[in-house]
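Have a look at the structure below, then the notes.
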Amino acid sequence: MTIDYVIPNKNEQEFIDMAIELGYKELVFLYNLKDFKITKFDTKLKIDFGIICNSNEIAKAKNKSKIVVVKCNDNVRQIIEKSPSLIYGMEDHNNSDFIHHKNSGLNQVLAKLMATKKVSYCVNFNDLIKGDRVKLFSRIKFNIKLCKKYNVDVVVASFANDCFKMKGKKDMFLV
């Protein structure tokens, strides 16, 4: 699917223009809970709206939007139990890896729970560019293997807050 998730700041039209240029078919605008709004745009792109929030705002966000995106923290299981649409940032922590496998923030128990609750695993492409690439990429690769094994949807998104930080759909092809 050619879709990207972005975080606009009153620059929605710039994102739409860039998405068309990059070849996307769908664009999801993510707003925080208090700024959430649905606006009509005259474009051939399919535009959707979602909420990006923290773990204690999931219930309120689900009442406003069908797309709820949450950055993971230490309470991964509690976040998954609340059934957001997407969860990202599992692999972004300072804990060291184990001897025989990666400490990627995801395990088979959580992957099964994600499949049951229909929570998608999301890779924040901009975090991959900014962070320790080797460590993050190996953890993401491990998480994607688990997600494929337990039929969890994997989404790769730019989470760009500026249209020039968006990536082409071929650039973000990880899976």
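For residue 41 and residue 154, what is the calculated FRET efficiency with R₀ set at 22 Å and r taken between the beta-carbons, to the nearest 0.05? Kindly include the intermediate steps, with their values, before the conclusion.
Numbers: r = 27 Å, r/R0 = 1.25.
The computed FRET efficiency comes out at 0.20.
Among the listed pairs 25/62; 117/149; 10/62; 60/165; 46/169; 64/148, give every one whose C-alpha distance is greater than 20 Å.
Values: 25/62 25 Å; 117/149 16 Å; 10/62 23 Å; 60/165 29 Å; 46/169 16 Å; 64/148 30 Å.
Pairs exceeding 20 Å: 25/62; 10/62; 60/165; 64/148.
At a Cα cut-off below 20 Å, give the aspartates and glutamates reachable from residue 135, other chains included and same-chain residues fewer than 8 away excluded.
Residue 135 reaches 74, 91, 92, 97, 127, 171.
Given an 8 Å cut-off on Cα distances and at least 6 residues of separation, report the relative contact order of segment 3-165 as a percent. Could the numbers behind the result be given before it?
On the way: 275 pairs, mean separation 36.7, N = 163.
So the answer I get is 23 percent.
What helices does the chain have that are whole DSSP H segments, at least 20 Å long along their own axis by Cα, and with mean Kyte-Doolittle hydropathy of -1.0 or more?
On the way: long enough: 133-149 (24 Å, -0.23).
Sorted by number, the helices that extend far enough and score high enough are 133-149.
Every number in this text was worked out from the coordinates using simple rules, so none of it is lab data. These figures come from a predicted structure and were not determined experimentally. Note that we place each Cβ from the backbone using ideal geometry, even for glycine, and neighbour counts take in every protein chain shown.
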